[in-house]
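In what follows, a structure is listed as structure tokens, so that the remarks can point back to it.
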Amino acid sequence: MTRALPQAWQEAYGHPVYWAETFVDTTRYRGTCYRAANWQVLGQTQGRGKDDQTHQANRSVKDVLGLPLTRDYRARLLGVA
């Protein structure tokens with residue numbers, strides 16, 4: 001799926017994508033398939049959700065994983081390419 005993502009994204013939205021992210025709820029899943037596919041563990045969420053207004057954890061903490069979609073993703077994301 002991630003191999004097809006850059007071209008499909010370009011066709012759908014008219015601009016490229018170089019990096020993919022996902023969240024794994026560690027209370028329910030281990031994320032084994034992502035780790036086996038070389039996704040990088042970047043850290044964990046704070047468990048607050050995107051509409052947080054209380055600054056208190058009210059959701060489960062999730063692992064954040066990322067995967068580069070091109071070899072030169074760093075340069076492209078920084079605008080150096």
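Here's the yes/no breakdown for (1) aliphatic (A, V, I, L, M); (2) modelled with pLDDT under 95:
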| site | (1), (2) |
| --- | --- |
| Tyr18 | no, no |
| Val24 | yes, no |
| Tyr34 | no, no |
| Val41 | yes, no |
| Asp51 | no, yes |
| Val64 | yes, no |
| Val80 | yes, yes |
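Among the helices (runs of 4 or more DSSP H) lying completely within the chain, list those that include at least 2 residues that are open to solvent by less than 70 Å² (accessible area, probe 1.4 Å).
Those helices (runs of 4 or more DSSP H) span 5-13, 73-78.
The values are calculated or read from the model by the stated rules, or taken from the named source; none is laboratory data. Note that the structure is predicted; figures quoted are calculated from it, not measured. Side chains included, ligands, DNA and RNA excluded: accessible areas come from the protein's heavy atoms. Shrake-Rupley method; radii C 1.70, N 1.55, O 1.52, S 1.80 Å.
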